[in-house]
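For reference, the structure is listed below as C-alpha cells.
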Amino acid sequence: MHFKSLCNKASANSKITLEDFLNDEIRIFLSKMNEQKILNERNLDYPQLIEKVNNYEEISKDICVLTALIAYWGESQHLSLLEKIIKRCSDPLLDSQSGIVILLELRWYPLTLLQYFAGVSAIANKNYFSLAKILNTTLNESNRNKENESLSLKLSESTSEIIKIFKQIPGHERQDTPMSEYLLALIQPYLDNLFFLGKNYEYSFDYFEIIRSLVILDSKLLNDPDWAWCPIGRFGWKFKSFNSNGNSILSKVKNEILTEKNNWLPLQTGLFGGDYNRAENAINHLESQLRGINF
C-alpha cells in the first residue's frame, strides 16, 4: 500500500522516495540475475531448462510486481521510471557472452515477464501512455544489439528460441501457443491480488498480446516487409476459432482501428508512430499471417 500511495502522490519528495525504492529493487534483481550466469552447461535436458525458467520467475517476481503497479497507476511523471527499469534490468544482458544459444536467450525471459506484467496492467487500467513506454523503450547501444532496437523486438527474437521449452512443461504439451497459455496462468494471481481484475484479466492479457505483436510487426514492416513476422499468442487460435462470427478479440481490435482511425488511443500515445496507416497495415498483415497457420 505504501508503494501505491507513492505512485499516487505528485510531490517531488514522493518521486524521489519512489525512485530510491526502485533503485534498490533493481539492484537486488541484478544481483540475483548475476548469480544465474552459468552459460556453458552441456547436455541440458528439458526438466533442467524448466527449472531454470522457474528460477528466473522467482528472481523476477518482486520487480515485476512493482513495475505492474507503476504501469497501472502511474502518470506522466512516472514514465521515466518505467524506462529506467527496462534499461537498467536489460543492460547486463547486452554484454558479449558465449554459451549455448537457448541459455543465452533464456536470460531475457525475466524481461519478457516484466513486459507482460506491466503491459497487461497498463491495458487493464487503459493507461496507454504507460503501454507506449513499455513497448517502445529502446535498449542501450552495445556491440550485441542493433541501433535503436526496442525491447519488444529483442524479446521477439529470444521468444522464438525459448518457446520450445514451454512446449515441454506438463499440461502445455499439446497447446498451440504454450508460452502464451503458460504466462496467462502464471501472471493472473499476481495481478488479481494487486488490482482484482476478475474476468477482465483474460481480456486485458489477450489485448496486450495483440498490441505487442502489432508493434513488433510494424517495426519489421518498416525495415524489411518481405520478412516481417511477429510472435503469435493465444489470440491466434481464438481468431481462427471465432472469427467467422466476428467475435474474436483480434477482430474487435481491428474494428477499433478502422472505426476510430487517428483517434484510436494507442495512436494518441505514440504507438505506431501515431500513424493510422501503419496500424492498419500491421493488423492486415497479422490477419494474413494467421490465415496461413494451422491451429
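The values are calculated or read from the model by the stated rules, or taken from the named source; none is laboratory data. What you are looking at is a predicted structure, and each value in this text was computed from that prediction instead of being measured. Counting neighbours? That spans all protein chains shown, and the Cβs are built from the backbone with ideal geometry, glycine included.
If you go through the range 122-131 and keep only what is in a helix (DSSP H, G or I) and surrounded by fewer than 24 Cβ atoms within 10 Å (Cβ to Cβ), you end up with 124, 128, 129.
Restricting 213, 204 to those that are in contact with a Pro (Cβ under 7 Å, 6 or more places away or on another chain), closer than 23 Å to residue 65 by Cα and not assigned by TED's automatic domain parsing to the domain that holds residue 61 reduces the list to 213. Of the listed requirements (1) at pLDDT 95 or above; (2) in a helix (DSSP H, G or I); (3) under 20 Å from the mean Cα position of the chain (by Cα), residue 233 misses just one: (2). Per the listing 51, 58, 25, 83, the residue uniquely at pLDDT below 95 and assigned by TED's automatic domain parsing to the domain that holds residue 107 is 51. Hey, could you check the range 255-273 for residues that are surrounded by 18 or more Cβ atoms within 10 Å (Cβ to Cβ) and without any contact (Cβ under 8 Å) to a residue 24 or more places away in the chain and say which is farthest from the chain's Cα centre (by Cα)? Filtering first and then ranking leaves 264.
Checked against (1) in contact with a Lys or Arg (Cβ under 9 Å, 6 or more places away or on another chain); (2) surrounded by fewer than 21 Cβ atoms within 10 Å (Cβ to Cβ); (3) modelled with pLDDT under 95, residue 148 passes all but a single condition, namely (1). Would you call residue 288 in contact with a Ser or Thr (Cβ under 8 Å, 6 or more places away or on another chain) and either more than 27 Å from residue 137 (Cβ to Cβ) or of a type in the set (A, V, I, L, M) (or both)? So residue 288 does not fit the description; no. In the range 242-252, which residues are more than 21 Å from residue 183 (Cα to Cα) and touching a residue at least 12 places away in the same chain (Cβ under 8 Å)? Scanning the range 242-252 gives a single hit, 251.
Go through the range 58-90 and give me each residue that's surrounded by 14 or more Cβ atoms within 10 Å (Cβ to Cβ), over 15 Å from the mean Cα position of the chain (by Cα) and among the charged types (D, E, K, R). Passing the criteria: 84, 88. There is at least one residue in the range 86-101 that is farther than 17 Å from residue 31 by Cα and part of a helix (DSSP H, G or I). The sole residue among 181, 173, 202 that is without any contact (Cβ under 8 Å) to a residue 24 or more places away in the chain and either surrounded by 18 or more Cβ atoms within 10 Å (Cβ to Cβ) or more than 18 Å from the chain's Cα centre (by Cα) (or both) is 173.
Scanning the range 165-203 for residues being among the aliphatic types (A, V, I, L, M), under 25 Å from residue 127 (Cα atoms) and not in a helix (DSSP H, G or I) gives a total of 1. Can you confirm whether the range 215-235 contains a residue that is closer than 20 Å to residue 160 by Cα, surrounded by 15 or more Cβ atoms within 10 Å (Cβ to Cβ), among the aromatic types (Phe, Trp, Tyr) and touching a Ser or Thr at 6+ places or on another chain (Cβ under 8 Å)? Yes, because at least one residue in the range 215-235 is closer than 20 Å to residue 160 by Cα, surrounded by 15 or more Cβ atoms within 10 Å (Cβ to Cβ), among the aromatic types (Phe, Trp, Tyr) and touching a Ser or Thr at 6+ places or on another chain (Cβ under 8 Å).
For the residues 251, 241, 219, the requirement of being among the polar types (S, T, N, Q) and either closer than 21 Å to residue 149 by Cβ or touching a Lys or Arg at 6+ places or on another chain (Cβ under 6 Å) (or both) singles out 219.
I'd like to know if the range 122-135 contains one or more residues that are touching a strand residue (DSSP E or B) at 6+ places or on another chain (Cβ under 8 Å), of a type outside the set (Lys, Arg) and at pLDDT 95 or above. Scanning the range 122-135, I find at least one residue that is touching a strand residue (DSSP E or B) at 6+ places or on another chain (Cβ under 8 Å), of a type outside the set (Lys, Arg) and at pLDDT 95 or above, so the answer is yes.
Surrounded by 21 or more Cβ atoms within 10 Å (Cβ to Cβ), at pLDDT below 95 and part of a helix (DSSP H, G or I): which single residue out of 239, 208 fits that description?
Values: 208 fails: at pLDDT below 95.
Selected residue: 239, the only one of 239, 208 that is surrounded by 21 or more Cβ atoms within 10 Å (Cβ to Cβ), at pLDDT below 95 and part of a helix (DSSP H, G or I).
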